[in-house]
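What follows is a short report on a single structure.
Every number here is computed from the coordinates shown, using simple stated rules; none is lab data. Predicted model, so just to flag it, every value in this text is computed and none were measured. Using ideal geometry, Cβ is built from the backbone for each residue, glycine included, and neighbour counts are taken over all protein chains shown.
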Amino acid sequence: MSLTHEEITYLAGLSRIKVEGEDMVRLAEEVGSILDYVSSINAVELITPTPDAHHNVVRADAITHEGGIHTERLLACAPLTNGSYVQVAKVL
Amino acid sequence: MAYTSIPEIHEALLTKKISVRDLVTETRAALQSHESYHAILGFYSDVLVENQIIFAENLLAEGKAGPLTGVPCVIKDNILVKGETATAASQMLEHYTATYNATVVTKLLEAGAIPLARANMDEFAMGSSTENSAFGPSHNPVVFEAVPGGSSGGSAVTVALNDVVFSLGSDTGGSIRQPAAFCGVVGLKPTYGHVSRSGLIAMASSLDQIGPFTHTVSDAETVYKVIAGKDPLDATSLESSECVPPTRKPQVVGVPRSFIAQEGMDARIMAEFEQSLQDLVSAGYALKDVELPSFDKALAMYYIVCPAEVSSNMGRYDGVRYGFSKAGATPKESFELSRTASLGKEVQRRILLGTYVLSSGYYDAYYRKAELARANLRADLARVFEEVDALVIPNSPVLPWKIGEKMDPLSVYLADVFTVPVNMAGVPALTVPTKRTIESFPGSIQLIAPHHGEDVLFTIGKAFENMQK
């Protein structure tokens, strides 16, 4: 199956990616053919899983480091900063 | 480079046949002499290397040197080294400077190892050839026009060319084992949870593991022991008490023949693999045919679960806090411009695929089904591991293709058939090269052990290796 251009546009919107022109045609075909292949998952009969070693781990809700010690290094990564804030385009 | 193993270097440093500094100089020269293979994306800064040389020299002088002290290495460019560029071979992170060390890097530095350069890879670890690197592919060390495999292609090449005796890669669906096979080196994917993922740029969080490339199984074991261990910074890393290894002495190796007989399996690879099975028999192991019916769906499961996790993990690349940024009129437009311009084709494809299988109306049929189906793989493995101690299968159904030859994404995905089930089940696996060649390319086997069965892999791997001499 090939996905429709509407479907790709919808997925692209959710993914915050712009898909246009030749890419649209290509991706509709490619994503469609991959979905065709993975749809064979329908035939799998599920079993009751046995638990494995992994389980949810949380850390204590406590302060782990002195405030501000990473700020400079982290802000240096951001394209737009304002004082000790990362600046973004207006949301509201 | 003169040395081909970690113990050889260790001995040479202890007996002062060579100094750490001279070894680093030689290694750098070796890496530079192989520039045409495009295995590395850059060298780490002089400050880092100099500090490590001095630290290693001190450890040696004080008699406190460990096996990795003073040993230069290469690290895949999706593993963070504080203060150094880490690109994940993507334009999105082309100018990104890591703000902390990956836990595996902290461990290597504390052991006195000398990270020298960052290795080329498929962008964000998505691919099986390094052809998806935003900065150009790497070349196979044996047949230059062929791919070295991926996504940890650069890491495999630097060891295969003997520029370094070990490197680090990451494996989500075969990205250590397949390039190890394509380049003729040893590659280990540890049990999920044994090696910390803190500081590994995330691809698929339930599948990713960091592991070593080396020339020998013993060296893989050495590096593994340094980088493994519980890490409070990685909630999925396991306590050693939770890692109960198999207790039986390995004697029987299972061969899942009907799984191996894939449509598209190259007969030449199969013929060479049969010779490897004979090597295992000569090494004293009994072989047993086993059935793994759930494995037929493992690739479909993987190409649902992996893109789903990818689409979630790639969400952080929005050009706001770091990475490539292109401003639009609104935040949404800024995200779209930044992401579309800097994320490559394969990355975008997997994000879209992952978004589809997670989206309303499809989530249950695809993602939830595939995620639950992983239990089928584990159950099949648990059943066969009652009768056999390990499994042996090939690494790839196809030989390394020519750079640029494979254009269809699905055909590349299908070549992952022998590696993805391992990540989906979380078990460890080891690629060991043979001394035989298939059309000039190296032969290899892939050993798979039960969860926490790294020692089984090392035992059988070493015995198999001895048969290659």
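Please give the charge dipole size of the protein assembly as shown, origin at the Cα centre, charges +1 on K and R Cβ atoms and -1 on D and E Cβ atoms. Round to the nearest 20 debye.
Around 620 debye, computed over the protein assembly as shown.
Over 27 Å apart at the Cα level, from the set B:LYS288/B:LYS435; B:LYS189/B:LYS435; B:LYS189/B:LYS469; B:LYS76/B:LYS107; B:LYS76/B:LYS249, are B:LYS76/B:LYS249.
Kindly put B:SER396, B:SER167 in sequence by how many other C-beta atoms sit within 10 Å of each C-beta, fewest to most. If you can, show how the numbers build up before the last one.
Values: B:SER396 26, B:SER167 32.
Arranged by neighbour count, lowest to highest, B:SER396, B:SER167 become B:SER396, B:SER167.
When the square roots of the Cα gyration tensor eigenvalues are ordered a ≥ b ≥ c, the ratio a/c for the stretch B:141-224 is 1.5 or more and a/b does not exceed b/c, which makes its shape oblate. A cut-off of 5 Å between modelled amide H atoms, ignoring neighbours fewer than 5 places along the same chain, links B:ALA119 with B:LEU41, B:ILE75, B:LYS76, B:ASP77.
Here the residues B:ILE304, B:ILE260, ranked from fewest to most Cβ neighbours within 10 Å of their Cβ, fall in the order B:ILE260, B:ILE304. Rounded to the nearest 0.05, the FRET efficiency derived from the C-beta distance between B:GLU274 and B:LYS462 at R0 = 30 Å is 0.90. Simple rule: put +1 on each Lys or Arg Cβ and -1 on each Asp or Glu Cβ in the stretch B:271-421, find the dipole, and look at B:VAL290, B:CYS306, B:PRO421; the Cα lying farthest toward the positive end is B:CYS306. Counting only chymotrypsin sites (Phe, Trp or Tyr not before Pro) that DSSP places in a loop and that have at most 15 other Cβ atoms within 10 Å, the longest clean stretch of chain B runs over B:145-361. Beta bridges per DSSP, both residues in the protein assembly as shown: antiparallel share near 70 percent. Kirkwood analysis of the Cα pair distances in the protein assembly as shown returns a hydrodynamic radius of 24.0 Å. Once C-alpha pairs closer than 8 Å and six or more residues apart are averaged by separation and normalised to the residue number of chain B, the relative contact order reads 17 percent. Evaluated at q = 0.13 Å⁻¹, a Debye calculation over the C-alpha positions of chain B (equal weights, vacuum) places log10 I(q)/I(0) at -1.18. Counting Cβ atoms of other protein chains within 10 Å of each residue's Cβ and taking the mean over peptide A:7-14 gives 4.
Taking every DSSP bridge with both residues inside the stretch B:390-456, close to 100 percent are antiparallel.
Listed by chain and number, the aspartates and glutamates placed with their C-alpha closer than 13 angstrom to that of B:LYS332 are B:ASP318; residues fewer than eight positions away on the same chain are left out.
Determine, for B:MET301, B:MET121, B:MET126, B:MET265, the number of other Cβ atoms within 10 Å of each Cβ, and report the residues in order from fewest to most.
Ordered by Cβ neighbours within 10 Å, fewest first: B:MET265, B:MET301, B:MET126, B:MET121.
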